Amino acid sequence: MNEVHFKQLIQLANKNLWLTKLLTIVVEKLGSESLYAEYLAQNIFMSSSKLNRKLVTSLGITTMTLVRNLRLQYAAELIAIQNKSISDAAFLSGFFDASHLSRHFTKAFDCTAGEFNDEIYCYVSELKHELLSQIAK
C-alpha cells in the first residue's frame, strides 16, 4: 500500500459506512489467523460474494487480498518501526508462521523481511486512528 492507495481507501471509507465497518473489524482483528471473508461479511450483514463484489468494484481487490495487504503493511511497520523479529511480526500480524509472512512479504515489497529497512509510513496505525475518529463522530 502506498500513500495514494491509503488516501483513496480513507476517502472511500468516509463515503461508505459498510467499508468503514469492514476496515474497523479488520484492523481490530488483524492479528487473528481466523480473519476470513465469511466472518467479515457476516459482521457487516452481507454475503461474502456481495462483499467481494463491492470491494472489487470499489478497490479492485478481493476481501482476502485487502486483509493480506493490511497484514503485510502492519508486519512491515512492526519490523521497521518497532524492531520486531520476523517471527514476532508474523504472529502479531496474523500470519501462520514466519515463512508464510516471508513468502508474501517478498512478493509485496521486492525484498525479504530481513532485508527490509525502508522508512515506512504507518498506514495501519493511521487507518486505526482515522476509523476511531469516524466512529467518534
Using a 1.4 Å probe over the heavy atoms of the protein chains, calculate the carbon and sulfur portion of the accessible area of the chain as a whole percent. 51 percent
Got a sec? What order do Leu59, Leu70 fall in by accessible area at 1.4 Å, biggest, i.e. largest, first? Leu59, Leu70
Hydrodynamic radius by Kirkwood for the range 1-77, inverse mean 1/r across distinct Cα pairs, in Å, is 12.5 Å
When only C-alpha pairs under 8 Å and at least 6 residues apart count, what is the relative contact order of the chain, in percent? 25 percent
Solvent exposure of the chain as accessible area per residue, Å², 1.4 Å probe: 56 Å²
Cα shape, the chain, gyration tensor, a/c 1.5 rule: prolate
Over 24 Å between C-alpha atoms is what I'm after, so list which of Lys15/Lys84; Lys50/Lys107; Lys21/Lys50; Lys15/Lys107; Lys7/Lys54 land there. Lys15/Lys84; Lys50/Lys107; Lys15/Lys107
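The values are calculated or read from the model by the stated rules, or taken from the named source; none is laboratory data. In this text the structure is predicted, and so the values were computed from the model without any measurement. Surface areas here come from the heavy atoms of the whole protein model, side chains and all, with no ligands, DNA or RNA. Shrake-Rupley method; radii C 1.70, N 1.55, O 1.52, S 1.80 Å.
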